[in-house]
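Take a look at the structure below.
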Amino acid sequence: DTGETLTEAATRHILTMLRYQFDHVILDCGNRLDDILAMGLDSADRALIVATPDAPALRSVRRLNDALDRLDIARGRPFGLVVNLTSRQREIQPANAAHMTRGPLAASIPDLTAQIEMAVNSNTLLTSRVPAMAKAAQSIASAIVTGTATNPGSAPEQSMADDSTKIPPRRAQTP
């Protein structure tokens with residue numbers, strides 16, 4: 001709630017301090033493009049955009065990418081798509097989602113709603129073992145740290161770092 005009251009200058013200062021202290025800084029940004037988000041994305045080494053595999057969400061990702069290009073924000077920096085709630089029963093599969101958004105697929109997270117709901121309802125979320133979630137988390141961590149995208153249960157995807165517009169890596173990364 002207090003994040004909405006931060007100014008762009010204060011946010012830039014906080015991010016600078018975090019980048020100095022930590023190797024990786026992860027920002028969970030909202031779904032609207034404002035000055036703070038634009039500044040965060042512009043200073044990021046890598047950004048992952050999370051979307052569900054449905055046409056409205058993927059159109060929003062494409063519009064966001066187009067807006068970032070138009071505003072010249074984070075130009076040349078790799079963006080990756082994380083497709084959440086995937087399953088074989090979905091009409092839009094992760095590879096198709098990446099094609100629709102015109103961006104590389106960083107990871108796909110299977111629909112684990114039933115397993116997570118059961119763990120939450122039984123108050124065992126922190127101690128439950130959900131191998132598919134661990135595999136998805138490892139895939140996302142790989143996309144953040146190395147820029148190499150792999151999807152749980154499938155062959156490795158194209159590396160986000162293999163784009164034609166490479167940038168030298170910085171010390172910290174903020175999506």
### Task
With the condition kept exactly as written, say whether any residue in segment 123-134 is touching a Pro at 6+ places or on another chain (Cβ under 7 Å) and free of Cβ contacts under 8 Å to residues at least 40 places away in the same chain.
yes
### Query
Just one of the numbered conditions (1) under 26 Å from His24 (Cα atoms); (2) surrounded by 16 or more Cβ atoms within 10 Å (Cβ to Cβ); (3) at pLDDT below 90 is not true of Ala134; which one?
(2)
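The values are calculated or read from the model by the stated rules, or taken from the named source; none is laboratory data. Fair warning: this is a prediction, and the values are worked out from it, not measured in the lab. Cβ: placed from backbone, ideal geometry, glycine included. Neighbour counts: every protein chain shown.
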